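K.L.:
Quick one: the structure is below, and I'll ask about it shortly.
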Amino acid sequence: MTYIVYDLEMTVRRKKGQIAEIIEIGAAKVQAEDGTPVIADSFQTFVKPSVVPRLSEDTISFTSISQDDVDGAPPLPEALRRFTEWIGPQPYYLCAWGPDDHR
């Protein structure tokens, strides 16, 4: 069985009503080899935010992601297409790295 363990980085929200946009998708494809989990492959892409395209200083400080990183990145629909293509057609379990990644 394949496990896809993903982690999302999002913009920092400080005020009620602000939207947290995904600005990075990272993942590891984990498979068991002789009963031992092994990272078979990894995936990473920055994502260009669309609602608020300029990263706040709080976001840059918290994530270490720069404005240049996201300016040259694909928008979310393209990043998700690349991610799902990377996952591939085989059966898998999707596992979030942290509770915020579920939303």
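K.L.:
Tell me whether segment 9-25 contains one or more residues that are in a strand (DSSP E or B), touching a residue at least 12 places away in the same chain (Cβ under 8 Å) and over 24 Å from residue 71 (Cα atoms).
P.N.:
Scanning segment 9-25 turns up no residue that is in a strand (DSSP E or B), touching a residue at least 12 places away in the same chain (Cβ under 8 Å) and over 24 Å from residue 71 (Cα atoms).
K.L.:
Still on this model: Within segment 26-47, how many residues are closer than 17 Å to residue 62 by Cα and in a strand (DSSP E or B)?
P.N.:
The number of residues fulfilling the criteria is 2.
K.L.:
Considering only segment 89-99, I want to know if a residue exists there that is free of Cβ contacts under 8 Å to residues at least 60 places away in the same chain and in a helix (DSSP H, G or I).
P.N.:
Of the residues in segment 89-99, the ones free of Cβ contacts under 8 Å to residues at least 60 places away in the same chain are 89, 99.
With the extra rule that they be in a helix (DSSP H, G or I), the set shrinks to 99.
So far as segment 89-99 goes, yes, one or more of its residues are free of Cβ contacts under 8 Å to residues at least 60 places away in the same chain and in a helix (DSSP H, G or I).
K.L.:
Additional query: Taking only pairs six or more apart or across chains, which ones have beta-carbon atoms under 8 Å, a first residue in segment 38-56 that is over 12 Å from residue 5 (Cβ atoms) and of a type in the set (S, T, N, Q), and a second residue that is in a strand (DSSP E or B) and open to solvent by 50 Å² or more (accessible area, probe 1.4 Å)?
P.N.:
50/75
K.L.:
Among 73, 79, 28, which is the only one that is open to solvent by less than 90 Å² (accessible area, probe 1.4 Å), small (Gly, Ala, Ser), modelled with pLDDT of 95 or more and closer than 18 Å to residue 95 by Cβ?
P.N.:
The unique qualifying residue is 28.
K.L.:
Further question: Kindly list, by first and then second residue, each pair from a residue in segment 62-78 that is farther than 9 Å from residue 24 by Cα to a residue that is open to solvent by 40 Å² or more (accessible area, probe 1.4 Å) and in a helix (DSSP H, G or I), limited to pairs with Cβ atoms under 8 Å and residues at least 6 apart or on different chains.
P.N.:
Pairs found: 66/60; 67/60; 74/82.
The values are calculated or read from the model by the stated rules, or taken from the named source; none is laboratory data. Keep in mind that what you see is a predicted model, and the values were worked out from it rather than measured. In this analysis, Cβ positions are derived from the backbone assuming ideal geometry, glycine residues included, and neighbour counts consider all displayed protein chains. Heavy atoms of the whole protein, side chains included, go into the accessibility calculation; ligands, DNA and RNA do not. Shrake-Rupley method; radii C 1.70, N 1.55, O 1.52, S 1.80 Å.
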